[in-house]
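Structure record follows, encoded as structure tokens.
Please treat every number below as a calculation from the coordinates, not as lab data. Quick caveat, the model's predicted, so the values are computed rather than measured. Backbone-built Cβ (ideal geometry, glycine too); neighbour counts: all protein chains shown.
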Amino acid sequence: MITPLTTERYGKPAVFIACSVPLIWLILKIFAVGPLQLGPNPIESIQDTLGIWGLRMLCATLAVTPLSWVAGPLLIRFRRMLGLFAFTYCGLHFLNYLILDQTFDFAAIIEDVIKRPFITIGFLGLLSMAPLAITSTGNWRRKLGRSWNRLHRLVYLTGILASWHFYWQVKKDLTEPLVYCSIIAVLLGMRIARTYRRR
């Protein structure tokens, strides 16, 4: 039988390692360890890898609550960790753009934002995640009380903005962004349906 103690002792370390693997793999590629290479455009490769894993972690975070309705409330214990990993990957995705891609050239960034509004959407998504990451601790939850739950509903907006950012970014084959948009839509739709049934 899975208990809270088992979850803390074995489940969380396993999830932490699993969530860290894509970042470790990317670092090995950056340093060209063995046969691992980033390809002809390393900055773009780093950008895409961090972005897609940030979106995947966000989907996993949003999936925890619906899965807990079926598998039990112990799954909720993984939600904070997944959310923090989502923020980490998305934050690194932005820093890669700011530092490696644009080298702090804010004039070029402003021009880029005007030409490619998906960057603005992505930045707004990252901003919506920041207060969730800051207030993710138990101490903040106690301080905010019921307001904590209301604040953390921002994750729904984050999911919409992140999938929208990905959809607008892709120029040709929209299959992959549409898959993620559908996943986000289903996960949010399940919440709406459950709320409607309760009422």
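Using a Förster distance of 30 Å, how high is the FRET efficiency between residue 95 and residue 67, based on the Cβ-Cβ distance and rounded to 0.05?
Computed FRET efficiency for residue 95 and residue 67: 0.45.
Which ³J(HN,Hα) values in Hz, rounded to whole numbers, follow from the phi angles of the stretch 137-152 under the Karplus curve 6.51 cos²θ - 1.76 cosθ + 1.60, where θ = phi - 60° and Gly and Pro get x?
7, x, 4, 5, 4, 5, 5, 7, x, 5, 5, 4, 4, 5, 4, 6
Can you tell me the dipole magnitude for the stretch 82-172 around its Cα centre, using point charges on the Cβ only (Lys, Arg +1; Asp, Glu -1), in Debye to the nearest 20?
So the magnitude is around 640 debye.
Mind sorting 181, 19 by how few other Cβ atoms lie within 10 Å of their own Cβ, fewest first?
181, 19
Using a Förster distance of 45 Å, how high is the FRET efficiency between residue 185 and residue 107, based on the Cβ-Cβ distance and rounded to 0.05?
According to the calculation, E is roughly 0.75.
Which order do 104, 118, 85 fall in if you start with the one that has the fewest other Cβ atoms within 10 Å?
104, 118, 85
Give, in nm to one decimal, the length gained when the segment between residue 114 and residue 134 is fully stretched (0.36 nm per residue of separation minus the Cα-Cα distance).
Stretched out fully, the residue 114 to residue 134 stretch lengthens by 4.2 nm.
If you stretched the chain out fully between residue 76 and residue 156, how much longer would it get, using 0.36 nm times the residue separation minus the C-alpha to C-alpha distance?
Difference between extended and current length: 27.2 nm.
What is the angle, in °, between the Cα long axis of helix 106-115 and the longest principal axis of the Cα atoms in the chain? Nearest 10 is fine, range 0 to 90.
80 degrees
Just rank 172, 143, 115, 12, fewest to most, by other beta-carbon atoms within 10 angstrom.
The most exposed by this proxy come first: 172, 115, 143, 12.
If you place +1 on the Cβ of every Lys and Arg and -1 on the Cβ of every Asp and Glu, how big does the dipole about the Cα centre of the chain come out, in debye to the nearest 20?
Roughly 1460 debye for the chain.
If I take R0 = 30 Å and measure r between the Cβ atoms of residue 171 and residue 32 in this structure, what FRET efficiency does the formula 1/(1 + (r/R0)^6) give, to the nearest 0.05?
Between residue 171 and residue 32 the formula returns 0.55.
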